[in-house]
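Derivation of every value follows stated rules applied to the coordinates shown; laboratory data play no part. Since we're looking at a predicted model, the values are computed, not measured. No Cβ is skipped: glycine too gets one built from the backbone with ideal geometry, and neighbour counts run over all protein chains shown.
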Amino acid sequence: MALSSRLIMIYDILLARFGPQGWWPILDFEKHKGLDPLTDCGYHPGNYDLPKKPDQMFQVIVGAILTQNTNWQNVVKALFNLSQQKLLDPEIILKTEAKVIAEAIRPSGYYNEKAKKLRIISQAYLEQDWYKKNHVLKREDLLKLWGVGEETADSILLYVFKRPFFVIDAYTRRLLMRMGIVGTPLKYREYQDLFHSNLRPNFELFNEYHALIVRLAKSNCRNKPICSTCPLKRYCPPRH
DNA sequence: CGCCAGGTGGGAT
DNA sequence: ATCCCACATGGC
């Protein structure tokens, strides 16, 4: 079976099983007041129009930094703290001592490094006018920023700027490996090329696909896989 | 208790 | 180029 057909089949199965995931979550701490802010707030299934406003865009950028090698629940706590303290804004982050930012984002882990990363990306956001409509952000310019690697860059391009860059993360690698689509480990861009060369470059498709992979990885394709209920079981080589 | 979570940069080899 | 490690919290 051709790779493109296979990738599309996997997508269709995941979408049928799990439904649209509503990424990237956009938290509204006013609206979610009274609800448990630490659970799944902010998802907007079927709406690929978000983020729309600059403050929503910036929130996704901050989330992309904070979630580096970190559980999303911890990121929500950090975003909640930033919001409560009126720090979820690039100009304010630049005017605020890194110590203060670090303390607010403590639950997300690596808080000293991430405070520095937030300062750097806030600076770029303002200087390069990312918030302006029709601003075209280059991948290479994102990668120049200390603290922005390939996955974070692609997350921002895809989920903030709605550009068709497929996000490759540890879950994606694991899935491709277990499905037998790749044998030996590849470089980031090689994984990405598998998707870019075999799917139509549609940001809504890439958005949903990556979110569905994460969804599968959380419930079934874990480090210790639970294959009995996996929707891809029939298409995945057995493991001993 | 140990392991893991929507990675990245820096230094040694 | 590739490997190894520091960075750090909270949930299970």
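Some values worked out for this structure:
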| read-out | value |
| --- | --- |
| Built amide H within the under 5 Å cut-off of A:Y43, gap 5+ | A:I26 |
| Relative contact order (percent, whole number), chain A, Cα cutoff 8 Å, 6+ residue spacing | 21 |
| Size of electric dipole in chain A: Cβ of Lys, Arg +1 and of Asp, Glu -1, about Cα centre, debye, nearest 20 | 680 |
| Ranking of A:K162, A:K133 by count of other Cβ atoms within 10 Å, fewest first | A:K133, A:K162 |
| Order of A:S108, A:S122, A:S228 - criterion: other Cβ atoms within 10 Å of each residue's Cβ, fewest first | A:S228, A:S122, A:S108 |
| Normalised contact order of segment A:54-159, rounded percent, pairs of Cα under 8 Å and 6 or more residues apart | 29 |
| In order through segment A:52-61: 3J(HN,Hα) via Karplus (6.51 cos²θ - 1.76 cosθ + 1.60), integer Hz, x for Gly, Pro | 10, 8, x, 5, 6, 4, 5, 4, 5, 4 |
| Stokes-Einstein translational diffusion, chain A - Kirkwood Rh over all Cα pairs, 1.306 mPa s, 10 °C, in µm²/s | 85 |
| Distance between segment A:169-240 and segment A:72-125 - C-alpha centres, whole angstrom | 31 |
| Most fluctuating residue given options A:E103, A:E140, A:E150, as computed from a GNM of chain A linking Cα atoms under 10 Å | A:E140 |
| Cross-link reach list, lysines versus A:K99, counting only Cα pairs under 17 Å and skipping chain neighbours closer than eight places | A:K86, A:K114, A:K116, A:K117 |
| GNM top mover of A:T229, A:T172, A:T152 - chain A, alpha-carbon springs below 10 Å | A:T229 |
| Cα-only Debye scattering, segment A:54-159: base-10 log of I(q)/I(0) at q = 0.24 Å⁻¹ | -1.47 |
| Cα extents of segment A:74-118 along the three principal axes, largest first (Å) | 24, 20, 13 |
